[in-house]
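The values are calculated or read from the model by the stated rules, or taken from the named source; none is laboratory data. Computed from a prediction, not measured in an experiment: that's the story for all the values here. Here the Cβ positions follow ideal geometry from the backbone for every residue, glycine too, while neighbour counts run over all protein chains shown. Just so you know, the surface numbers come from the protein's heavy atoms only, side chains and all, with ligands and any DNA or RNA stripped out. Shrake-Rupley method; radii C 1.70, N 1.55, O 1.52, S 1.80 Å.
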Amino acid sequence: MLVLRKFLAWILLRILRVKATWSSDGLAKIEQGGKLIVTANHVSLLDGIIIALVSPVPLTFAVDPEFSVHNVVSKSGLAVLAWLGYGQVVPLQMNSPYGLRKLLQVLDENRPVMIFPEGEISRNGRLGIERRGVKWLANRTGAPIIRVQILGAERSRIFAKAGKAWWPRITIVL
């Protein structure tokens, strides 16, 4: 399954025109897995999928219930990605503690999580105001925070809020 996962990731990243630029230190931290919180700016509907595809280890993703529970199409797509080994999904609702508690449990089990700290997609591609959940998880578990930056996806006419390009090049920087 690992070979299939890497092959599919390679194909999908080429189709989506994604280039990952990793620092050796950052990549080493993610490759180790374990108790780790990965965060990124949230600029399009593709962000979580792209991070799952470029990550060397499966992550547990905090996802809005609108996409992880209520929308049949996105829920099915996320289930397929989980089945293929790209990571798991935890519904995270801002006014409910259950998702955050589940992420705490995942970190306590020494597994990495991925959270978009703004809690919503940015209109301009810049990091907005971070919500308190990431810092709470880090303080509670001692997990280090790895920050990833997504560049270019905010220009997507199809997947971003205010994009004008049909198929922009996307870069992931760590």
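Remarks
- 1.4 Å probe accessible area per residue over the chain, in Å²: 56 Å²
- The apolar share of the surface of region 94-158, taken as the fraction of accessible area on carbon and sulfur atoms (1.4 Å probe, ligands and nucleic acids excluded), comes to 48 percent.
- Cα-only radius of gyration and Dmax that characterise the chain, units Å: 15.1, 42
- Selected from Ala62, Ala138, Ala40 as most flexible by GNM, with the chain as the system and alpha-carbon contacts under 10 Å: Ala138
- Within the accessible area of region 23-71, the carbon and sulfur atoms contribute 53%, probe 1.4 Å, all protein chains present.
- Considering only Asn71, Asn95, Asn41, the mean-square fluctuation computed in a Gaussian network model of the chain, springs between alpha carbons under 10 angstrom, is largest for Asn95.
- Taking amide H positions as modeled 1.01 Å from N, with prolines and chain starts lacking one, the residues under 5 Å from Val38 and 5 or more places away or on another chain are Val113, Met114, Ile115, Ile146.
- Residue with peak Gaussian network fluctuation, the chain [Cα springs, cutoff 10 Å], from Ala160, Ala79, Ala52: Ala79
- Computed from the C-beta positions of Thr171 and Glu120 and an R0 of 25 Å, the FRET efficiency is 0.70 to the nearest 0.05.
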